[in-house]
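The structure under discussion appears below in the form of structure tokens.
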Amino acid sequence: MFTGASQFALVGVVGAGGSVWAGAATAALLGSRNALYGLRLSSILESGWWRRLAASHFVIDETTAMAIARDSPADSRLAFWATGFSVFALWNLGTLIGALATHALPNPKDLGFDAAPPAAYLALLAPRLRAREPLAIALGAGVVALVLLPFVPAGVPLLIIAVLIGLIGLWGRSK
Amino acid sequence: MIWAGVLVASATCYAIKLAGLSLPRRLLEDPRVQRTVPLLPVALLAGLIATQTFSTGQHLVLDARATALGVAIVAVLLRAPFLVVVAAATVTAALLRLV
């Protein structure tokens, strides 16, 4: 799995006591946006099935943003692959360091580390809130999650929210 | 069991990306798909923020994490970079628990 928000979410749901399957479903739903990035990238990237198999793994927010910001297809391809390789290497190096370093920490909560994930989600969310509709959706989802939380197993509020978004998207007002 | 979940989630996340590069454009250009899919990360990230800030297990709680989130919101509004937002929240929670 190489898509940051999904990775954070899977760990977050399991860490909060949710089932790994609720976490897996949340991770997949968060990764659904990567399919839409493919729509922008498929015309830029080379054809050929093995290149497509390799390129798929690198389809993330960062590579898409760097690729579509270039003027020529050749520059876009270079931006995609260069961003993909560097983010992939550094991201996984960081993950490894984190996995090794946490063994050395006595009590992560004393260091405020339990406040880090929400702040990370917020930093990922903020660029998506530049219009009124997403802001309203975000606030609504936060309220719904907290209302449901005492009554259903950990992780399930997020799945209910995803279903509600599906309903809003399918039957909501058309533009 | 946990690794089975991780593997299934990983395979699914990869398949979604491959589908994006392979599916007919018509399917992904459907207005309902275009409207719904971008809203999913918005709602799920907001749900994650709410549950991981204001709960412990299945109980709603208000503790140092709420203040930390407030600090993170200010940092985001000031357009602070990712690591600064996370560090600001972490340091806030740590300091509040110290006093």
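The values are calculated or read from the model by the stated rules, or taken from the named source; none is laboratory data. The structure presented is a predicted model; accordingly, all values stated were derived computationally and were not measured. Virtual Cβ from ideal backbone geometry, glycine too; neighbours counted across all protein chains shown.
Please return the ranges of helices (runs of 4 or more DSSP H) entirely within the range B:23-97 where 1 or more residues are surrounded by 14 or more Cβ atoms within 10 Å (Cβ to Cβ) and among the β-branched types (Val, Ile, Thr).
So the answer is B:31-36, B:39-54, B:64-77.
So, in the range A:127-175, how many residues would count as being in contact (Cβ under 8 Å) with a residue 24 or more places away in the chain and in contact with a Phe, Trp or Tyr (Cβ under 9 Å, 6 or more places away or on another chain)?
Qualifying residue count for the region: 1.
Given the conditions (1) more than 7 Å from chain B (Cβ to nearest Cβ); (2) more than 26 Å from B:Gly5 (Cα to Cα), which single one is not true for A:Gly15?
All conditions are met except number (2).
B:Leu40: within 19 Å of the chain's Cα centre (by Cα), modelled with pLDDT under 95 and within 7 Å of another protein chain (Cβ to nearest Cβ), yes or no?
yes
If I filter the range A:127-137 down to residues being among the aliphatic types (A, V, I, L, M) and either crowded, with 20+ Cβ neighbours inside 10 Å or assigned to a loop (DSSP other than H, G, I, E, B) (or both), which single residue comes out as nearest to the chain's Cα centre (by Cα)?
First, the residues of the range A:127-137 that are among the aliphatic types (A, V, I, L, M): A:129, A:131, A:135-137.
From what is left, the residues that are either crowded, with 20+ Cβ neighbours inside 10 Å or assigned to a loop (DSSP other than H, G, I, E, B) (or both) are A:129, A:131, A:137.
On the way: A:Leu129: 15, A:Ala131: 20, A:Ile137: 17 Å.
The selected residue is A:Leu129.
Residue by residue, here is whether (1) of a type in the set (Val, Ile, Thr); (2) surrounded by fewer than 11 Cβ atoms within 10 Å (Cβ to Cβ); (3) under 25 Å from B:Ile73 (Cα atoms) holds:
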| residue | (1), (2), (3) |
| --- | --- |
| A:Ala74 | no, yes, no |
| A:Leu124 | no, no, yes |
| A:Leu139 | no, no, yes |
| A:Leu149 | no, no, yes |
| A:Val152 | yes, no, no |
| A:Gly155 | no, no, yes |
